[in-house]
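A short write-up of the structure that comes next.
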Amino acid sequence: MKTLPPGLQAHLSSGATTLAWCWRLMRADGAVYGFTDHDRDIAFDATIFEAASGFTSSDIRQSVGLSVDNLDVTGALRSDRLNEADLAGGLFDGAAVEIWRVNWAEPEQRLLMMTGSIGEVKRGEAAFTAELRGLAHYLDQQQGRTYQYACDATLGDSRCGVDLDDPAYKGSGAVVAAGAAYQFTASGLDAFAEGWFAGGLLTWTSGGNANRQMEVKRFSLSGGVAEIELWRSMASPIAPGDGFTITAGCDKTFPTCKAKFANQLNFRGFPHMPGNSYVLAFPVSGDPANDGGSMNS
């Protein structure tokens, strides 16, 4: 249950209202954006909420309990600060969102209606649709560790301990030719082994995608030229001469951790946990090899 501020309550009770919706987006990199469905900019809390940005929204779906509150926001890519390249580049993924109901004539009369984060974003030729998820969404996320074969650390973090700045695990190169927005050939990586960077992270240092990152799906070598395939297309075209750095990939298995990184002491999985064959095993009597009663899968 929400309690209306006295000023806003009086405004609503007057019968003639001047209300607008305001959305504030706060990205992980610290950038803050404000948008409103009003025909003039609205300012409060050190944020300017941009008018005529093409935003429209569905009804807010809220319920009692732990179900996730959500709504969809649809907008045209018209704002100077909100464009297709940023959306495609993932800069707004997981951004925090505040939704306000505001008296645009007196912005100090306002009420926070919902907080959450951006979920799935769908892009069209000239518009986008973004799902806004309530805070209960985080209750659906996995917390803590899971008993599993694979390592649950992120390569290079404090739990893993591998130094990704080590020249053995990091390389740099430049695009020779691009076949698609996710596939290209590159120079400068012929000293590394086949598949070395598969599963790693590529960071663009120049070109239209500068400072953007993408995971590597495949890394192979042919005649000293590297062939790289990314998991997703980049927001801007890849062009010859574009520079990048790339870090080694890890498939989260114990043999890779030991052989590729010599980091088995920091392995964060359970490689010796019993599998399905052990669960389905049963005692076999009269078998001398099993001494008359040991488990046999």
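The values are calculated or read from the model by the stated rules, or taken from the named source; none is laboratory data. Because the structure is a prediction, the values reported are computed rather than measured. Counting neighbours? That spans all protein chains shown, and the Cβs are built from the backbone with ideal geometry, glycine included. Note: areas computed on protein heavy atoms with side chains; ligands, DNA, RNA excluded. Shrake-Rupley method; radii C 1.70, N 1.55, O 1.52, S 1.80 Å.
Things to note:
- Residues (open to solvent by less than 40 Å² (accessible area, probe 1.4 Å), in contact with an Asp or Glu (Cβ under 9 Å, 6 or more places away or on another chain) and either within 17 Å of residue 240 (Cα to Cα) or basic (Lys, Arg) (or both)) located in region 187-209: 202, 204, 209
- Being over 19 Å from residue 156 (Cβ atoms), outside any loop (DSSP other than H, G, I, E, B) and either in contact with a Cys (Cβ under 9 Å, 6 or more places away or on another chain) or open to solvent by less than 50 Å² (accessible area, probe 1.4 Å) (or both) is a description that applies to residue 184.
- Top-ranked residue of region 1-37 - restricted to ones that are touching a Ser or Thr at 6+ places or on another chain (Cβ under 9 Å) and in contact (Cβ under 8 Å) with a residue 60 or more places away in the chain, ranked as surrounded by the most Cβ atoms within 10 Å (Cβ to Cβ): 22
- Counting only residues that are over 18 Å from residue 260 (Cα atoms), in a loop (DSSP other than H, G, I, E, B) and without any contact (Cβ under 8 Å) to a residue 40 or more places away in the chain, region 187-227 holds 8 of them.
Yes/no per residue for (1) open to solvent by 60 Å² or more (accessible area, probe 1.4 Å); (2) more than 25 Å from residue 180 (Cβ to Cβ); (3) at pLDDT below 95; (4) touching a helix residue (DSSP H, G or I) at 6+ places or on another chain (Cβ under 8 Å):
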| residue | (1), (2), (3), (4) |
| --- | --- |
| 211 | yes, no, yes, no |
| 219 | no, no, no, no |
| 236 | no, no, yes, yes |
| 248 | no, no, no, yes |
| 271 | no, yes, yes, yes |
| 281 | no, yes, yes, no |
| 286 | yes, yes, yes, no |
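- Residues (without any contact (Cβ under 8 Å) to a residue 60 or more places away in the chain and open to solvent by 70 Å² or more (accessible area, probe 1.4 Å)) located in region 146-181: 154, 158, 163, 165, 167, 179
- Scanning region 161-176 for residues that are of a type outside the set (Asp, Glu) and over 14 Å from residue 224 (Cα atoms) yields 161, 162, 164, 167, 168, 169, 170, 171, 172.
- Matching residues, region 20-52, being outside any strand (DSSP E or B), within 17 Å of residue 103 (Cα to Cα) and not hydrophobic (A, V, I, L, M, F, W, C): 37, 38, 39, 40, 41, 45
- The lone exception for residue 226 - which of (1) in contact with a Gly (Cβ under 9 Å, 6 or more places away or on another chain); (2) open to solvent by 70 Å² or more (accessible area, probe 1.4 Å) it fails: (2)
- Yes/no for residue 235 being out of contact with any strand residue (DSSP E or B) (no Cβ under 9 Å at 6 or more places or on another chain) and assigned to a loop (DSSP other than H, G, I, E, B): yes
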